[in-house]
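All remarks here apply to the structure that follows.
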Amino acid sequence: MTRSESSPIVTVLTAPGEPEPPGMDALRARARVRFASDEQSLRETLPGTRVMMVTDFRTEALEAAWSKADQLEWIHATSAGVDALMFPELIEGPVKVTNARGIFDRSIAEYVLCTMLMFNKDFPTSLRLQMNHRWKHRDTERAEGQQVLVVGAGSIGRQIARLASAIGMVPHGIARRARSDDPDFAAVHSNEQLMDQLGNADFVVIAAPLTPQTEGLFDQKAFAAMKESARLINIGRGPIVKTDDLVQALKDGSIAGAGLDVFEEEPLPGDHPLWDMENVIMTAHMAGDFIGWRRALTDQFLENFDRWLAGDELFNQVNKSLGYAAS
């Protein structure tokens with residue numbers, strides 16, 4: 001489709017100060033493109049907009065400007081999580097929501113595998129010893145045979161299970177419904193079985209979306225149910241873990257360590273105790289971000305946009321009542 005007055009209007013909502021996403025010329029060839037970065041600019045661009053591409057997954061501007069959405073049919077979030085976009089008027093209304101499911105799955109799974117192996121082979125200690133020019137031999141753990149519990153057996157969780165299985169680890173999953181015949185998990189257990197399964201795992205990996213059901217799910221009770229030798233890895237959303245409870249569990253030995261890419265508060269304050277804990281590996285919400293990911297997100301949106309132009313069914317549609325794109 002060439003640009004014309006009859007072309008649909010697409011509003012791209014970015015974070016304040018964020019540059020234009022790559023690949024916008026390809027979108028301009030298909031539609032009239034507007035840009036917004038806050039509530040005020042969104043109020044100006046929303047009238048007449050039929051499609052939105054949202055790159056700021058923490059934004060509250062959409063809810064604040066929602067009254068100006070007079071022709072909106074579809075919102076695409078360039079993130080796996082859509083929790084910040086879910087407000088009552090959107091959930092209850094007819095506007096479709098899609099997400100970036102599939103773009104980050106493999107990269108996140110590689111991050112999780114790397115983190116588990118770093119713990120097994122005690123690389124944090126090795127790096128500290130190297131920095132201090134100290135030679136200290138130690139025995140380390142074998143990964144083969146260790147039990148991995150993936151909380152959130154969706155597309156990301158499935159990739160984590162596949163990579164864990166590839167090195168001989170045994171992945172189990174937690175999902176809405178239990179299933180024993182999953183091709184990638186030794187077994188998938190229901191949400192209600194989480195507390196019973198926590199005590200079996202050497203690694204507990206949070207790959208679940210943030211929903212009212214998962215917010216604060218990992219608290220003192222959950223950490224008490226884990227093995228003292230177990231490590232927690234969170235690549236889902238920060239608020240799924242109660243940070244104060246995690247810090248206490250790490251201090252008192254309820255669990256052995258944590259690999260964290262997401263936090264309740266981001267950026268994590270410089271004086272937070274997690275920074276100085278030797279049994280913690282941390283990164284700055286980057287587990288899925290590979291070289292070229294921004295253009296990959298645009299290309300995924302364009303593929304779905306062409307389906308929308310043709311009147312075809314959109315892929316990666318979010319179940320708005322659940323808060324994620326179900327398989």
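Where a number appears in this text, it was derived from the coordinates with a stated rule and is not lab data. Source: prediction; values computed, not measured. No Cβ is skipped: glycine too gets one built from the backbone with ideal geometry, and neighbour counts run over all protein chains shown.
Listed values for region 77-85 are Karplus-derived 3J(HN,Hα) couplings in whole Hz (6.51 cos²θ - 1.76 cosθ + 1.60, θ = phi - 60°), namely 9, 8, 8, 6, x, 10, 4, 5, 8, and x replaces Gly and Pro.
Residues within the reach of a label modelled at residue 272 (point 7 angstrom out along Cα to beta-carbon, backbone nitrogen below 16 Å), restricted to region 241-263, are 241-251, 258-263. Each Cα pair under 8 Å and six or more residues apart adds its sequence gap; the mean of these over the residue count of region 214-279 is a relative contact order of 37 percent.
Would you work out if region 105-282 is rounded, prolate or oblate? Take a ≥ b ≥ c from the square roots of the eigenvalues of the alpha-carbon gyration tensor; rounded if a/c is under 1.5, else prolate when a/b is larger than b/c, oblate otherwise. Oblate shape, in that a/c is at least 1.5 and b/c is the bigger or equal ratio. In order along region 317-323, the Karplus-derived 3J(HN,Hα) couplings, from 6.51 cos²θ - 1.76 cosθ + 1.60 at θ = phi - 60°, round to 6, 7, 6, 5, 6, 8, x Hz, and Gly and Pro are given as x. Taking each DSSP H run with n ≥ 4 as -39500 (n - 2.57) and averaging over every residue of the chain yields -8500 deg cm²/dmol at 222 nm.
For region 105-282, the relative contact order works out to 17 percent when only alpha carbon pairs closer than 8 Å and six or more residues apart are counted. Looking at the chain, the DSSP beta bridges with both ends there are about 5 percent antiparallel. Amide H contacts for residue 35 (H built 1.01 Å from N in the peptide plane; partners 5 or more residues away or on another chain; cut-off under 5 Å): 12.
For region 219-327, the set of GluC sites (Glu not before Pro) satisfying both a DSSP loop assignment and a count of at most 16 other C-beta atoms within 10 Å is given as 228, 264, 265, 278, 313. For residue 75, nonlocal amide neighbours, meaning residues 5 or more places apart or on other chains whose placed amide H falls under 5 Å from its own, are 52, 96, 97, 98.
Ignoring trypsin sites (Lys or Arg not before Pro) that are buried or in helix or strand per DSSP, and keeping those with at most 14 other beta carbon atoms within 10 Å, what is the longest stretch of the chain between them? That would be 178-327. Kindly point out which whole DSSP H helices in the chain project their C-alpha atoms 20 angstrom or further along the helix axis while averaging a Kyte-Doolittle hydropathy of 0.5 or above. What comes out of the filter, once short or polar helices are dropped, is 105-120.
The mean sequence distance of close C-alpha pairs (under 8 Å, at least 6 residues apart), as a share of the length of region 57-115, puts its relative contact order at 38 percent.
Phi-derived couplings, Karplus 6.51 cos²θ - 1.76 cosθ + 1.60 at θ = phi - 60°, listed residue by residue for region 186-200: 4, 6, 10, 9, 6, 3, 5, 9, 4, 4, 5, 7, 4, x, 9 Hz, with x used for Gly and Pro. Amide H contacts of residue 189: 173, 174, 175, 179, each under 5 Å away and 5 or more positions distant or on a separate chain (H built 1.01 Å from N in the peptide plane; Pro and chain starts excluded). Taking chymotrypsin sites (Phe, Trp or Tyr not before Pro) in DSSP loop conformation with at most 16 other Cβ atoms inside 10 Å as exposed sites, the chain has its longest uninterrupted site-free stretch at 136-289. Loop-resident GluC sites (Glu not before Pro) (DSSP state other than H, G, I, E or B) in region 58-110 with no more than 13 further Cβ atoms inside 10 Å of their Cβ: 60.
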